[in-house]
Amino acid sequence: MSETELHDDMAAPESQLDEDDRLKPEFVSAVLAAVDEGDDEGARALVAPLHPADIADLIELVPSDQRADVVTAISDLIDGDVLAEMNDWVREALVDALEPHQVADIAAELDTDDAVAIIEDMAVEDQREVLRALDPDDRAAIEEALSYPEESAGRLMQRELIAVPEHWTVGHVLDYLRGDDALTTDFWEIFVVDPSHRPIGTCELSWILRTPRGITISDVMKREQTLIPVDMDQEEVALRFQKYALISAAVVDPSGRLVGMITVDDVVHIISQEAGEDILRLSGAGEGDINEPVVDSYKGRVRWLITNLMTALVPASIVFSFDATIAQKAVLAALMPIVAGVGGNAGTQTLAVTVRALATNQLTQSNTLRAIRREIAIALLNGLTVAAVIGLGIGGFFGDPVLGVVIASAMLANILIAGFAGVIVPVTLERLRQDPAVASSIFVTMVTDSMGFLAFLGLATASGMVG
């Protein structure tokens, strides 16, 4: 396909633009080619049909040294919705390049939660300049949100919501919704409040639309509701949305007054973010973002590699203490990594299950012992199976039944230890108020390696295989 044909194809109306073609390398190359040639109008024609999320992805896909030129070329397409969908690192760099009044104009277009996401990472002085450029109402809402802890419901919530008193009729509510253009347009339910502005119930839009105008809201509202404290951690917020199948939920301050709402679209983002963080923490990879600066990635990873290096000295010292045993029967050196490796994999399996259970509140103090017993039972079954296979295989291959029994026994013992460590290590870190996803894997690996080597070499020495 020629560049002209590609340009014509990509500039087609959004309804005709194949979603699979939007961010293919050919499309990104065509945008970059237009920008390099100074054809800003052509670049805008290519990008204009895209959804704001796709525009954000496009900017992330562009090489960092060319982003400024692309953003300049399509600047009239970069609005608040695009920034809200953008990767944090890319957005931060882009916002730093904008004037405070430009950031203020973008923030004014957004819901409070999205505006806060853009402003919160700015330097304090830049934040002040942006806030000064906002109108008083927007400034007050964003300043209040910034006063709450990071990753709390107060940062996540949006203040744009619909709240009505319970004595209103359905007709009154409909007239109110239709008659005030300043009201938010993105909502699924209406919150019912008492004279002190405390939420006392909710009413879904479908109920409002299907109920006669003369019926009072108090007669159709649902009084049972899930209220979110303003200082609740966003991970706990996500768990409540999952547990109770919520679409939106009211956020209340310490006095119980309604101060905002959280919607499911924000929670989907949080669930994805928290899950990704846990996976990366298990590997010690820091934030693991490909847009993160190299130095920041280095700092996030190297400390765990150093920690891993220190813990690796423990199993190494155990092996060294059996140097005479290994010297007399060299085959032990070839076989002992098998015991440690399989034990490590077993520990990782248990660890992954445990960390997930802790993150989703499935594992608590009330069922910890039951979880330990369960994992040990699984480890026993796995250990017996793997031990039988490795014992028969090694004993037959080397024609040494004693060696087969030794490696089978060591394998069983290490898998049992791995099952126990895979639960107890993250649970202990959780009790100590440390993130179990961050350091658990290093310590579980240390335990399985150390115990694997100790069991195998110790049993080999005790069995009389070496004189």
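The values are calculated or read from the model by the stated rules, or taken from the named source; none is laboratory data. All values reported here derive from a predicted model rather than from experimental measurement. When we count neighbours, we look across all protein chains shown, and the Cβ atoms used for this are built from the backbone with ideal geometry, even at glycine.
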- line: Flagged in region 52-71 as in a loop (DSSP other than H, G, I, E, B) and free of Cβ contacts under 8 Å to residues at least 12 places away in the same chain, in numbering order, are Pro63
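Every residue, every condition in (1) within 24 Å of Ile407 (Cα to Cα); (2) not β-branched (Val, Ile, Thr), yes or no:
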| position | (1), (2) |
| --- | --- |
| Ala333 | yes, yes |
| Ile338 | yes, no |
| Val342 | yes, no |
| Ala352 | no, yes |
| Arg356 | no, yes |
| Leu369 | no, yes |
| Ala377 | yes, yes |
| Leu380 | yes, yes |
| Ala388 | yes, yes |
statement: Just one listed residue, out of Asp88, Asp69, is in the same structural domain as Pro149 (by TED's automatic domain parsing), under 30 Å from Ser248 (Cβ atoms) and acidic (Asp, Glu), and it is Asp88
- line: Within region 172-187, the count of residues that are surrounded by 12 or more Cβ atoms within 10 Å (Cβ to Cβ) and in a helix (DSSP H, G or I) comes to 6
message: Being out of contact with any Phe, Trp or Tyr (no Cβ under 9 Å at 6 or more places or on another chain) and in contact (Cβ under 8 Å) with a residue 12 or more places away in the chain is the filter here; which residues of region 401-412 pass it?
response: Val402, Leu403, Val405, Ala408, Leu412
query: Regarding Thr211, is this residue at negative phi and under 37 Å from the mean Cα position of the chain (by Cα)?
result: no
task: Test Gly276 against the criterion of being closer than 30 Å to Leu429 by Cα, at pLDDT below 90, of a type outside the set (A, V, I, L, M) and touching a Leu at 6+ places or on another chain (Cβ under 9 Å), and give yes or no.
output: no
query: From the set of residues in region 80-99 that are touching a Leu at 6+ places or on another chain (Cβ under 9 Å) and not β-branched (Val, Ile, Thr), which is farthest from Asp186 (Cα to Cα)?
result: Leu94
query: Restricting attention to region 366-399, which residues are touching a residue at least 40 places away in the same chain (Cβ under 8 Å) and under 31 Å from the mean Cα position of the chain (by Cα)?
result: Thr368, Ala371, Ile372, Glu375, Ile376, Ile378, Ala379
- prompt: Looking at (1) closer than 30 Å to Asp65 by Cα; (2) hydrophobic (A, V, I, L, M, F, W, C); (3) modelled with pLDDT of 90 or more, which is the only condition Ile290 fails?
  reply: (3)
- request: For Val339, indicate whether it is over 29 Å from the mean Cα position of the chain (by Cα) and under 16 Å from Met446 (Cα atoms).
  value: yes
task: Could you list, in sequence order, all residues of region 210-260 that are under 19 Å from Pro195 (Cβ atoms) and in a helix (DSSP H, G or I)?
output: Ile217, Ser218, Asp219
statement: Given (1) part of a loop (DSSP other than H, G, I, E, B); (2) buried (at least 16 other Cβ atoms within 10 Å of the Cβ), Ser196 misses just (2)
- line: Checking Ala340, Ala334 in turn, the sole residue that is part of a helix (DSSP H, G or I) and surrounded by fewer than 13 Cβ atoms within 10 Å (Cβ to Cβ) turns out to be Ala334
query: Residue check: is Val237 out of contact with any Cys (no Cβ under 9 Å at 6 or more places or on another chain), modelled with pLDDT of 95 or more and within 30 Å of Glu150 (Cα to Cα)?
result: no
- prompt: How many of the residues in region 158-186 are within 23 Å of Leu146 (Cβ to Cβ) and of a type in the set (Asp, Glu)?
  reply: 2
